[in-house]
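**Student:** Dropping a structure here in structure tokens format, bear with me for questions.
The values are calculated or read from the model by the stated rules, or taken from the named source; none is laboratory data. Owing to the predicted nature of the structure, the values given are computational and were not obtained by experimental measurement. Don't worry about glycine lacking a Cβ; one is built from the backbone with ideal geometry, like all the others, and counts go over all protein chains shown. Accessible surface areas use protein heavy atoms only, side chains included; no ligands, DNA or RNA. Shrake-Rupley method; radii C 1.70, N 1.55, O 1.52, S 1.80 Å.
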Amino acid sequence: MKAFQLVGPGKTELRDIDVPEPGPGQVLLRVTGSGVCHSDLHLLHSEALPFPMTLGHEPTGEVVAIGPDVVGFEVGEHVICYIAWGCGVCRQCATGAENACEHYPRANVPGPGLGYPGAMAEYLLAPARSLVPLGGLDPVDSAPLADAALTPYHAIDRSRALLTPTATVVVIGVGGLGHMAVQILRAITGSRIVAVDVDAARLEAARGYGADETVTSNASAPGEIMELTRGVGADVVLDFVGAQPTLDLAAAVVSSYGHLTVVGLAGGAIPFRAAAPPVGVPWGATYSKPYAGTRRDLHEVLALARQGEIKVQVERHPLTDAAAVLARLERGGIQGRAVLVP
Ligand code: NAD
Ligand code: ZN
Ligand code: ZN
């Protein structure tokens, strides 16, 4: 089969490799869609990976072969794949929080295209436990729900208690994850949504997805957001970039006892000083850096999609164009999500 692999730091290749066979507990999928995430660019530029590794951590597929002891799946069924492949038996995994699996303490939980061979290939081998039936959702365009919707859903869910109708939530970076975050916030909260991006077209699109206000990400953004919140600051700030300027913005506008949640992995830093404000962070504010979501979150994301509450803005490309699509994502040229189709 064809597989788009990371073969060294900054190097990719579309290679021919063997189709794997499902062992106990596993299912073989014919990949129907593989979303392209900004994290694939972080992986592309990372030095310490087990090369070669097939990329692709937003998989949908059709069941084509089933491991000996697997129950509950049928050949021909269309599924989406949960992307944190924990041990399945620890305290966290027992609750469905495989993204916090204790088998990988304080570390990355691996998944398809994230340590295991991923979905930018014709076939994907997955633990049966990770698969959820699509239930009529589009087998190509739903692929990004596995991460671009799951991860913001998880981040938002953790702050649900703060996301009241009187609250303001700031979404920084309305790209692949951010455009889903705006829709999820619109669907499950009554809070006022402020979208922030450097790109005018994305801000315009964010309004269509339910943002109440849009702010261009520049030096005057903190002042604008403080004004929008009567000088109080935002109850929840979700940063889907994680670069120095966005973290500075996030830290400058989060309210006292607010939540600052950093999902983006661009490597910025926020000082946390144990001193009274205005030094360091506001009183009571919580800073966090969540990873992916839980298996239960994925079920809830699929339910929102089936209800028509959220929809990924997708552009489809053939798997053979993977390298060009990654290059375009790096130039900021993809609005919404690109999905590779083998
Ligand atoms: P993307 O490229 O689709 O979107 C990024 C968006 O940020 C774009 O709209 C871009 O215009 C905007 N942006 C860039 N610089 C900005 C700035 N200074 N101010 C405001 N907006 C700015 O990326 P994506 O696929 O949505 O991923 C976003 C980040 O989230 C990446 O760093 C990715 O690695 C990370 N991520 C983390 C997790 C996790 O579990 N923590 C999961 C998935 C992705
Ligand atoms: Zn991702
Ligand atoms: Zn576990």
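**Student:** Which of Gly208, Ala148, Ser159 sits farthest toward the positive end of the charge dipole of the stretch 147-215, with +1 on the Cβ of Lys and Arg and -1 on the Cβ of Asp and Glu?
**Tutor:** My answer, from the dipole projection, is Ser159.
**Student:** If you don't mind, another one. Send over a whole-number figure in Å² for the accessible area per residue of the chain, probe 1.4 Å.
**Tutor:** Heavy-atom SASA per residue in the chain reads 42 Å².
**Student:** Tell me the Kirkwood hydrodynamic radius of the stretch 1-58 in angstroms, computed as one over the mean inverse distance between distinct C-alpha pairs.
**Tutor:** Over the stretch 1-58, the inverse of the mean reciprocal pair distance is 12.7 Å.
**Student:** How do 283-289, 188-194, 55-61 rank on mean C-beta neighbours within 10 Å, highest first?
**Tutor:** Ranking the peptides 283-289, 188-194, 55-61 by packing returns 55-61, 188-194, 283-289.
**Student:** Regarding the stretch 186-342, what's the average projected area of the Cα-atom convex hull, expressed in nm²?
**Tutor:** So the mean shadow area of the Cα hull is 10.9 nm².
**Student:** Let me ask something else. I'd like the accessible area for Asp157, computed on protein heavy atoms only with a 1.4 Å probe and all protein chains in place. Round to 10 Å², please.
**Tutor:** 60
**Student:** Right, here's the next one. Over the Cα atoms, compute the radius of gyration (one decimal) and Dmax (the largest Cα-Cα distance, rounded to a whole number) for the stretch 294-342, in Å.
**Tutor:** Cα radius of gyration and Dmax of the stretch 294-342 are 13.7, 34 Å respectively.
**Student:** Suppose every Lys and Arg Cβ carries +1 and every Asp and Glu Cβ carries -1, with no other charges. What dipole size does the chain come out with about its Cα centre, to the nearest 20 debye?
**Tutor:** Using only the charged Cβ atoms, the result is roughly 620 debye.
**Student:** Any chance you could run the full-extension gain for His42 through Ala94? It's 0.36 nm times the residue separation minus the Cα-Cα distance, nm to one decimal.
**Tutor:** Residue separation times 0.36 nm, minus the Cα-Cα distance, leaves 15.7 nm.
**Student:** Work through the residues other than Glu224 whose Cβ is under 15 Å from its Cβ and net out their charges, Lys, Arg +1 and Asp, Glu -1.
**Tutor:** -3
**Student:** Sticking with this one: Distance from the Cα centre of the stretch 26-72 to that of the stretch 286-328, in angstrom?
**Tutor:** Rounded to whole Å, the Cα centres lie 14 Å apart.
**Student:** How do 296-303, 200-207, 66-73 rank on mean C-beta neighbours within 10 Å, highest first?
**Tutor:** Those peptides, ordered most packed to least, come out 296-303, 200-207, 66-73.
**Student:** Here's another thing I want to ask about it. In the stretch 105-132, which residues have a backbone nitrogen under 16 Å from the label point lying 7 Å from Asp69's Cα in the Cα-to-Cβ direction?
**Tutor:** Taking a point 7 Å out along Cα→Cβ of Asp69, the residues of the stretch 105-132 whose backbone N falls under 16 Å are 127-130.
**Student:** What is the gain in length, in nm to one decimal, between Arg328 and Arg160 on full extension, counting 0.36 nm per residue of separation less the C-alpha to C-alpha distance?
**Tutor:** 57.0 nm
**Student:** Related question: For the chain, with equal point scatterers placed on the C-alpha atoms only and solvent neglected, what are the log10 I(q)/I(0) values from the Debye formula at q = 0.08, 0.09 1/Å, to two decimals?
**Tutor:** These q points yield log10 I(q)/I(0) values of -0.37, -0.47.
**Student:** Here's a follow-up. Setting aside same-chain residues fewer than 8 positions from Lys11, which lysines have a Cα under 28 Å from its Cα?
**Tutor:** Those lysines meeting the cut-off are Lys2.
**Student:** Another question, then. For the chain, calculate the relative contact order in percent as a whole number, restricting contacts to Cα pairs under 8 Å that are 6 or more residues apart.
**Tutor:** 18
**Student:** While we're looking at this one, here's another question. Counting only other residues whose beta carbon sits under 15 Å from that of Ala94, what net charge do I get with K and R as +1, D and E as -1?
**Tutor:** Local charge sum for Ala94: +2.
**Student:** Name the residue from Phe4, Asn108, Leu137 whose Cα lies farthest towards the positive end of the charge dipole of the chain, charges +1 on Cβ of Lys and Arg and -1 on Cβ of Asp and Glu.
**Tutor:** Value computed over the given set: Asn108.
**Student:** Need one number: nm distance between label points at Ala275 and Gln244, each 7 Å from Cα along Cα→Cβ, rounded to one decimal.
**Tutor:** Those two pseudo-labels are separated by 2.0 nm.
**Student:** Follow-up. If you line up the long axis of helix 295-306 against the longest principal axis of the chain, both from Cα atoms, how many degrees apart are they, to the nearest 10?
**Tutor:** 80
**Student:** Over the stretch 93-184, with a single point scatterer placed on each C-alpha, what log10 of the ratio I(q)/I(0) does the Debye formula yield at q = 0.21, 0.24 1/Å?
**Tutor:** Debye output, listed in q order: -1.30, -1.40.
**Student:** Need the list of lysines near Lys311 for cross-linking: C-alpha distance under 26 angstrom, and skip anything on the same chain fewer than eight residues off.
**Tutor:** Once the sequence-local lysines are set aside, what remains near Lys311 is Lys289.
**Student:** So if we plug the beta-carbon distance of Arg316 and Asp212 into 1/(1 + (r/R0)^6) with R0 = 30 Å, what FRET efficiency do we get, rounded to 0.05?
**Tutor:** 0.45
**Student:** Whole-Hz ³J(HN,Hα) for each residue in the stretch 151-161, computed from phi via Karplus 6.51 cos²θ - 1.76 cosθ + 1.60 with θ = phi - 60°, x for glycine and proline: what do you get?
**Tutor:** 5, x, 4, 4, 4, 5, 4, 5, 10, 3, 4
**Student:** Report, in debye and to the nearest 20, how large the dipole of the stretch 1-133 comes out about its Cα centre when Lys and Arg carry +1 and Asp and Glu carry -1 on their Cβ.
**Tutor:** Here the size comes out at about 300 debye.
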